[in-house]
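Chemist: Got a structure for you, written out below as C-alpha cells; questions coming shortly.
The values are calculated or read from the model by the stated rules, or taken from the named source; none is laboratory data. As the structure is a computational prediction, the values presented were derived from the model and not from experiment. Note that we place each Cβ from the backbone using ideal geometry, even for glycine, and neighbour counts take in every protein chain shown.
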Amino acid sequence: MTDQMQQAAAIEAPRNPTLSPLNQRRWLNFKRNRRGWWSLWIFLALFLATLGSEFIANDRPILVSYKGELLFPAFVDYPESKFGGFLAVTNYRDEFIASDISANGWALWPPVHFSYQTIDTYLPYSGSVAPSWLMSWEEFCSRYPAQTADPNCHMGNYHWLGTDDRGRDVLARLLYGFRISVLFGLTLTLFSSIIGVVAGAVQGYFGGWVDLLFQRFIEIWTSIPALYLLLIISSVIAPSFWVLLGILLLFSWVALVGIVRAEFLRGRNFEYIAAARALGVSNWTIMFRHLLPNAMVATLTFMPFILSGSVVTLTSLDLLGFGLPPGSPSLGELLAQGKNDLQAPWLGLTGFFTIAIMMTLLVFIGEAVRDAFDPRKSMA
Amino acid sequence: MSAPLLSVRDLTIRFGASEATRNLSFDIAPGETLALVGESGSGKSVTALSVLQLLPPSAQLSGKILFKNQDLLTASPTELRAVRGNDVSMIFQEPMSSLNPVHTVERQIGEVLAIHQGLRPNAARARTLELLDAVGIPDPKSRLSSYPHQLSGGQRQRVMIAMALANEPDLLIADEPTTALDVTVQAQVLTLLKSLQQRLGMAMLFITHDLGIVRKIADRVCVMTKGEIVETGPVAPLFSNPQHAYTRHLLAAEPRGTPPATDPAAPTIVDVADLKVWFPIKRGLLRRTVGHIKAVDGIDLSIRRGETLGVVGESGSGKSTLGYALLRLIPSEGRIVVLGNEIQGRSWKAMRPLRADMQIVFQDPFGSLSPRLSVDRIIGEGLAVHMPKLTPAERDGRVVKALEEVGLPAEARFRYPHEFSGGQRQRIAIARAMVLEPKFVVLDEPTSALDVSIQAQVVDLLRDLQQRHGLTYMFISHDLKVVRALANQLIVMRNGKIVEHGPAADIFATPRSDYTSALMAAAFDVAVIDAPSLDPPVAS
C-alpha cells in the first residue's frame, strides 16, 4: 500500500449526522407553519395512542397475577382451564373468572373494559345506548344482577360515547377504527407511491413510445369509474384488509405518475445526466441516483394528500358496506349506523368529528409540507 | 470637462448584511461612453440597475446618484417614471427574456412612445418604422407585426435598442448587451450602438466583462472588483499602463500560449466519415416526416493521438451536436471509429467498456454536477462502473489523485458542488473525466461559462493534462481566442457543414473562406466584415 493510499484510508469519510443545510431550511419552514406543526404533533399523539388501543380499551386485563403466576392476557390467549373454566379462550368479563382471579391474585385492567367487538350484556335497554354519563347511576346499573351494589357496576364498564345497535362500545370501536384507517392509509400510500414513482420514472426517463403508450393506458385506466368497479369486485371477492388494499391500489397508483414523469422528463436533459451517460452508468442507476432525488420533492409534497384520500376511500367503502369484513372496527361503518339510527346522535356525531378532525389534521400537515418544499421559500 | 450628466457619489448597496458595492463614485459627461468592467460578482450589474432604481426592495442604498443635478435616490416614483425610458433608458443582456413574448414589435416600441410622448397610434407607427430602420432591421414594415420569437437573437437586441432609443435619451445604460450573441452579431450590434451614439450625441454607461469590447467602444473605463472601483481612466492609457494589480491581472488573463507540437506520424485515434444527425420535422395529424433539420450534415474528420481538434462555429452550427454524436450520446448515421473500434451500431451495453477511454467535459459547471452528490461520489461514479473491483480505499486514492491533478485539495471530496466557485466546479468536472484515464476527451465549451481570468487557468490546466498523459482532445468552442491557445487542427462549422478544415495556425493566419474571415474579424477586432447573410436563418 502506498503512503497516499494509507493516508486516504486513515481519513474516514465523515458521515454528516445532521441534515444538509437545504433540509434544515425546509425543516425550519415546516416548523414556521405553526398550524401544520401542531397538527403533526396532535396527529402523531393520536396515532401513537391508538396504536396502543389494547391498553386503552380491551375486554381482557393487561396484567394478571393468578396463584403467584404473572400472566399477560392482552398478548397471550390463555385457555379458560387455567382459571378453572372449560372454554378454549378465556372470557375475563365473566363473573366466575373475575371472582376466581380476584380470589387468587389481582388483575390490571385498561380504563375501558370493552374491546371493539365486546357485546355488553348488561345494557339498561336494547338498541343503541346513549353515553353512560347521560344517565343516572341507578339507570346505568339497572340490569346488573345486584344493581348498584354489583361489583361490575363501575366506571370501567362506562360507555363514554354510548354503544351501537349491537351493544358494542363506540369509544373502543373508534380507537380501533382510527388505527386501522390510518394503517390502511399509510400502507396504501406507501405502495401506491412506490408503484407510481417507478411507473412515472420509466415513462419520463425513456420517453418516446414507452411514454406515449403508457400515457394512453393511464388515460383509459383513470376513466374507469373506480368506485363502481370496487363495489363490483368487493361483492365477488370476500373483502379483507389486504384484498381491499390490493383493489384500491389498482387505481390509486396513478396519482403520482404525472408529477414524477414531468420531473424525469425535465431532468433527463440536465447536463449531469448526460455526464453520467457518458461515464457509462446504467439507466437504472441514473434514474435512481441522479433523477429520483429531484422527483422526491414533488412526491413528498403529495403524500399527505394521498394519505387523506386513501382514508376517505376506505371510509366511503365501509359506509356503503363493501369495505372491511363485518365486525371489523371501522369509521365508515360507524357513520352508516349513525345514518340509519338518527335517534342515536352520538353515533353520527362521533363518526363525523373523528373523520373531520383527522382530515383537517392531515390537510394542515400537507400544507406545511408543501410550504417546506416550496423552492421560493427554502432557497431564499 | 463639462458638467457631468450623471454623477454617482459614494454609492453603497447592501443586500442584508452583504455589501454589493462600496463607496462607488464616477461621472459620465454628455456624449461620453463609460465602461464598467469586472468579473461576475463584482457588482457592475447591480450598479447599473441602481441608477434607475430597478433593484429589488431588499436592497438598501446610500450615497447620491445625481442625474442633471436631480438625486434619483430620493426622487418620488412619479419623478422616476418621467426619467425612466425617457432621459435614461436601458438595454439588458437577454434579448429573449427582456422582450414581452406576447406583444408584437410595434406594440412594444409604441408603448414607450405613447407613455412618454403621448403619440397617437399613427404617429407612433411612423416613428417606430423610423427607429427600426435606424437600428438596421431589414424591411421594417413587415417586421412590425412580428413577435419576439420570430426574430433572431441579433434582431431582438436591435428591437431592444430601438425601444431604448425611442425617446432619444441623454443616457443609455447597456448591461452586457452582446454577451448572449454570437461574435459576428455582437460586432454588428456594437458598431450600430457606436454610430447611433455619435448621431444622437447621447452618453452611454456600458457594462461588460469583455476587455476587447471596452477597447473598441469606450472612452473611459472603470475597473471594478468586489464592489469597488479600483482604477478609472481613459481607455488607451489605462490599458497600456495599468496601475492597479487587479487591472494588470485582468489584462494578463486572456488565454495565451500555443498548443504543444504534435507528431504527424502518430496513430489516428478518432476517424469519422459522413456523420449525420438529422432531426425529423413532423407535421400534420399523422406526424408525417416532412423534412429534416440537419444539425450535423455529412462531416468527415480524423484526429491523431496527442492532437487537439478545435471545432468553432456560431450557435446553431451543430458543433455541440457533433461532439455528442461522436460519443454516441445521441443517435446518428455514418461511420465512427474510436481507438480502432467501430462504435456506430453498438448497443448501450457494448459501448460501456469503451466509455472509460472517451470522456466529455460540459459547458456549464453548474449544470453538469449532480447537486445532491458529494464530490467523491461524483468523481468515483465512473470508477464504480469501470473498475468495480477496486476496494473503497483504492477508489478513494484515485479520487484524491484526480483532484490533485486538477489543482484541488483532497479535502474537497467531502463537500458538495454548491460549495465551490464556477472555476472550481469545472475542475471537478474535468477530474471526473480524467479519473478514468481516458485517451480521448471531448471538451464542449468548457470555458465559456467562466470569467476570463479563470478561463486562462482552465486552458492552462487542460494543456498541462494533455502533455502529461498524451491526451487527444476535441475542443468545441465559439471563443476563437481560447481555441487559438489549444488547437492544432481546426474545423469551422456552419449550418451543420464544414466550411473550412486544416491546421489551426494556417487558418488563423490566412483564412480561406469569407465566413471564417468574418468570424475572426469579429472575434479578434470586434469588427464587421460582410459575409453573405450572417444572421443565422430564423426558424419559422
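Chemist: If a residue counts only when it is more than 30 Å from A:ASP120 (Cβ to Cβ) and modelled with pLDDT of 90 or more, which helices (runs of 4 or more DSSP H) contained entirely in the stretch A:141-239 have at least 3 such residues? Walk me through how you get there before you give the answer.
Modeler: Numbers: elements: A:170-206, A:208-222, A:226-236.
The qualifying helices (runs of 4 or more DSSP H) are A:170-206, A:208-222.
Chemist: When you check A:SER310 against the structure, is it surrounded by fewer than 19 Cβ atoms within 10 Å (Cβ to Cβ) and either of a type outside the set (Lys, Arg) or touching a residue at least 12 places away in the same chain (Cβ under 8 Å) (or both), yes or no? Outline the logic, then answer.
Modeler: Values: surrounded by fewer than 19 Cβ atoms within 10 Å (Cβ to Cβ): no; either of a type outside the set (Lys, Arg) or touching a residue at least 12 places away in the same chain (Cβ under 8 Å) (or both): yes.
The answer is no for A:SER310.
Chemist: Looking only at residues in the stretch B:399-418 that are buried (at least 18 other Cβ atoms within 10 Å of the Cβ) and without any contact (Cβ under 8 Å) to a residue 24 or more places away in the chain, which one is farthest from the other protein chains (Cβ to nearest Cβ)?
Modeler: Residue satisfying both the conditions and the ranking: B:LEU408.
Chemist: Within the stretch B:185-195, does at least one residue satisfy the condition of being in a loop (DSSP other than H, G, I, E, B) and more than 30 Å from B:GLY340 (Cα to Cα)? Let's see the steps before the verdict.
Modeler: Restricting attention to the stretch B:185-195, the residues satisfying the condition of being in a loop (DSSP other than H, G, I, E, B) are none.
No, the stretch B:185-195 contains no residue that is in a loop (DSSP other than H, G, I, E, B) and more than 30 Å from B:GLY340 (Cα to Cα).
Chemist: If I go through the stretch B:379-398 residue by residue, how many of them are at the interface with another protein chain (Cβ under 8 Å from one of its Cβ atoms) and either in contact with a Cys (Cβ under 7 Å, 6 or more places away or on another chain) or in contact (Cβ under 8 Å) with a residue 24 or more places away in the chain (or both)? It would help to see each step written out before you state the result.
Modeler: Keep residues of the stretch B:379-398 that are at the interface with another protein chain (Cβ under 8 Å from one of its Cβ atoms), which gives B:381-382, B:385-386, B:393-394, B:396-397.
Then keep just the ones that are either in contact with a Cys (Cβ under 7 Å, 6 or more places away or on another chain) or in contact (Cβ under 8 Å) with a residue 24 or more places away in the chain (or both); that gives B:381-382, B:385-386.
The number of residues fulfilling the criteria is 4.
Chemist: Filter the stretch B:413-437 down to residues that are among the polar types (S, T, N, Q) and not in a helix (DSSP H, G or I), then give me how many there are.
Modeler: The first filter runs over the stretch B:413-437 and keeps only residues among the polar types (S, T, N, Q), leaving B:421, B:424, B:426.
If we keep only those that are not in a helix (DSSP H, G or I) too, we end up with B:421.
Residues flagged as among the polar types (S, T, N, Q) and not in a helix (DSSP H, G or I) within the stretch B:413-437 amount to 1.
Chemist: Answer yes or no: is there a residue in the stretch B:446-465 that is surrounded by fewer than 19 Cβ atoms within 10 Å (Cβ to Cβ) and without any contact (Cβ under 8 Å) to a residue 24 or more places away in the chain.
Modeler: Looking through the stretch B:446-465, at least one residue is surrounded by fewer than 19 Cβ atoms within 10 Å (Cβ to Cβ) and without any contact (Cβ under 8 Å) to a residue 24 or more places away in the chain.
Chemist: Taking the stretch A:78-95, which residues are outside any loop (DSSP other than H, G, I, E, B) and either in contact (Cβ under 8 Å) with a residue 12 or more places away in the chain or within 12 Å of A:PRO61 (Cβ to Cβ) (or both)?
Modeler: First, pick out the residues of the stretch A:78-95 that are outside any loop (DSSP other than H, G, I, E, B): A:80-83, A:95.
Result: A:GLU80, A:LYS82, A:PHE83, A:GLU95.
Chemist: Can you tell me which residues in the stretch B:254-293 are of a type in the set (Asp, Glu) and either crowded, with 17+ Cβ neighbours inside 10 Å or within 26 Å of B:SER317 (Cβ to Cβ) (or both)?
Modeler: Matches in the stretch B:254-293: B:GLU254, B:ASP271, B:ASP274.
Chemist: If you check B:ALA449, B:ALA429, which single one turns out to be at pLDDT 90 or above and small (Gly, Ala, Ser)?
Modeler: On the way: B:ALA449 fails: at pLDDT 90 or above.
After applying the criteria, what remains is B:ALA429.
Chemist: Go through the stretch B:215-253 residue by residue and tally those that are surrounded by fewer than 16 Cβ atoms within 10 Å (Cβ to Cβ) and in a loop (DSSP other than H, G, I, E, B).
Modeler: 4
Chemist: In this structure, is B:GLY316 within 30 Å of B:THR184 (Cα to Cα), in contact with a helix residue (DSSP H, G or I) (Cβ under 6 Å, 6 or more places away or on another chain) and part of a loop (DSSP other than H, G, I, E, B)? Working first, answer last.
Modeler: Numbers: within 30 Å of B:THR184 (Cα to Cα): yes; in contact with a helix residue (DSSP H, G or I) (Cβ under 6 Å, 6 or more places away or on another chain): no; part of a loop (DSSP other than H, G, I, E, B): yes.
No.
Chemist: Just to be sure, is B:SER302 modelled with pLDDT of 85 or more and surrounded by 14 or more Cβ atoms within 10 Å (Cβ to Cβ)? Full working, then the answer.
Modeler: Details: modelled with pLDDT of 85 or more: yes; surrounded by 14 or more Cβ atoms within 10 Å (Cβ to Cβ): yes.
Answer is yes for this residue.
Chemist: What is the number of the single condition among (1) outside any loop (DSSP other than H, G, I, E, B); (2) under 24 Å from A:ASP165 (Cβ atoms); (3) small (Gly, Ala, Ser) that A:SER126 does not meet?
Modeler: (1)
Let's see how each residue does on (1) under 17 Å from A:LEU188 (Cβ atoms); (2) crowded, with 17+ Cβ neighbours inside 10 Å; (3) hydroxyl-bearing (Ser, Thr, Tyr); (4) within 14 Å of chain B (Cβ to nearest Cβ):
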| position | (1), (2), (3), (4) |
| --- | --- |
| A:SER234 | yes, yes, yes, no |
| A:SER252 | yes, yes, yes, no |
| A:ARG261 | no, yes, no, no |
| A:ASN269 | no, no, no, yes |
| A:VAL281 | no, yes, no, yes |
| A:PRO293 | no, no, no, yes |
| A:PHE302 | yes, yes, no, no |
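Chemist: Can you tell me which residue is surrounded by the most Cβ atoms within 10 Å (Cβ to Cβ) among those in the stretch A:97-115 that are under 25 Å from A:ASP164 (Cα atoms) and in contact with a strand residue (DSSP E or B) (Cβ under 7 Å, 6 or more places away or on another chain)? So that I can check it myself, show each step before the final result.
Modeler: At the first step, the residues of the stretch A:97-115 found to be under 25 Å from A:ASP164 (Cα atoms) are A:109-115.
Now drop any that are not in contact with a strand residue (DSSP E or B) (Cβ under 7 Å, 6 or more places away or on another chain), which leaves A:110, A:112, A:114-115.
Values: A:PRO110: 21, A:VAL112: 22, A:PHE114: 25, A:SER115: 22.
Only one residue fits best here, namely A:PHE114.
Chemist: Kindly provide the set of residues from the stretch B:500-518 that are in a helix (DSSP H, G or I) and touching a strand residue (DSSP E or B) at 6+ places or on another chain (Cβ under 7 Å), ordered by number. Break it down stepwise before answering.
Modeler: Within the stretch B:500-518, the first condition is being in a helix (DSSP H, G or I), and the residues that meet it are B:504-509, B:514-518.
B:ALA504, B:ILE507, B:TYR515, B:THR516 - these are the residues of the stretch B:500-518 that are in a helix (DSSP H, G or I) and touching a strand residue (DSSP E or B) at 6+ places or on another chain (Cβ under 7 Å).
Chemist: Right, another one. Being surrounded by 13 or more Cβ atoms within 10 Å (Cβ to Cβ) and touching a residue at least 24 places away in the same chain (Cβ under 8 Å) is the filter here; which residues of the stretch A:236-248 pass it?
Modeler: The answer is A:PRO239, A:PHE241, A:LEU244, A:LEU245, A:LEU248.
Chemist: Hey, does the stretch A:239-248 have a residue that's of a type in the set (S, T, N, Q) and in contact with a Pro (Cβ under 9 Å, 6 or more places away or on another chain)?
Modeler: Step one: filter the stretch A:239-248 for residues of a type in the set (S, T, N, Q), giving A:240.
Adding the requirement that they be in contact with a Pro (Cβ under 9 Å, 6 or more places away or on another chain) leaves A:240.
Looking for residues that are of a type in the set (S, T, N, Q) and in contact with a Pro (Cβ under 9 Å, 6 or more places away or on another chain), one finds at least one in the stretch A:239-248, hence yes.
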